[in-house]
Each structure stands twice: as structure tokens, then as C-alpha cells.
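Please treat every number below as a calculation from the coordinates, not as lab data. All values derive from a computational prediction rather than experimental measurement. All Cβ positions, glycine included, derive from the backbone under ideal geometry; neighbour counts span all protein chains shown.
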């Protein structure tokens with residue numbers, strides 16, 4: 001069973017992903033901001049991080065930058081930011097892939 005952490009301030013996104021991922025057999029952990037997400041990452045062994053870029057306390061790129069100082073956990077960016085330069089920036093900072101909101105869950 002994979003352990004997946006979702007860091008996203010949108011509760012509807014977290015709930016949907018939680019239901020989909022647990023239904024697929026994964027264990028899901030949630031955080032609603034960057035600080036709590038980094039704390040969870042320090043305490044929990046996770047196999048994947050799903051990270052929003054727009055968070056209420058820390059920008060997702062900052063979370064990613066801090067994470068990459070001590071972890072190589074795979075990171076999927078999930079964001080509504082439309083700027084291609086931000087996508088490239090996230091990948092340059094160590095994200096493994098980028099998915100734009102909204103997305104089709106099927």
C-alpha cells in the first residue's frame with residue numbers, strides 16, 4: 001500500500017483525491033498548508049507527494065525547495081496556475097510531474 005500526502009488548501013480537491021486514492025488501495029494523509037505539509041513529511045514516510053502551488057502560508061515552490069533539501073520523494077504538482085513558466089519552474093525545482101486543475105479524475 002502506497003502512502004500519499006496531499007498538500008492542498010482546497011478541501012474539495014483533498015476530499016476527491018482522498019476518495020479516489022483510497023479506493024485504489026492507497027493510504028492518504030492530508031495537509032491544508034505548506035507548514036503542516038512539511039511537518040507531516042518529516043514525521044511520515046510517504047511514497048508520493050501531491051502538492052498545490054497556491055497555499056495560504058508558503059508557496060508550493062517554497063515547500064518543494066525545502067523538501068528537496070532532505071528528501072527525494074516523488075512530487076506531483078497539482079495547480080490551477082496557467083503560466084507555463086511556473087510549470088517549468090516547478091519541474092526545475094525538483095517536481096516530477098505537473099497536472100493542471102481542473103482535471104478529469106476518470
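Here are some notes:
- Out of every Cα-Cα pair that the chain contains, those further apart than 21 angstrom amount to 26 percent.
- Separation of the residue 86 and residue 9 label points, Cα + 7 Å toward Cβ, nm: 1.2
- In this rough spin-label picture, where each label sits 7 Å from Cα along the Cβ direction, the residue 101-residue 35 distance is 2.1 nm.
- Of the residues 72, 35, 12, the one that moves most in a GNM of the chain with alpha-carbon contacts below 10 Å is 12.
- Scaling against 2.2 N^0.38 Å puts the C-alpha radius of gyration of the range 1-41 at 1.09.
- Each of 45, 87, 101 was scored by other Cβ atoms within 10 Å of its Cβ. Arranged with the fewest first, they read 45, 101, 87.
- Taking 17, 43, 53 in turn, the Gaussian network model of the chain (Cα-Cα springs below 10 Å) assigns the largest fluctuation to 43.
- Projected label distance in nm at residue 1 and residue 43, using a 7 Å step from Cα toward the beta-carbon: 1.8
- Neighbour-count order for 44, 62, fewest beta carbons within 10 angstrom listed first: 44, 62
- Dividing the summed -39500 (n - 2.57) terms of all DSSP H runs of n ≥ 4 by the residue count of the chain sets its mean residue ellipticity at 222 nm at -11000 deg cm²/dmol.
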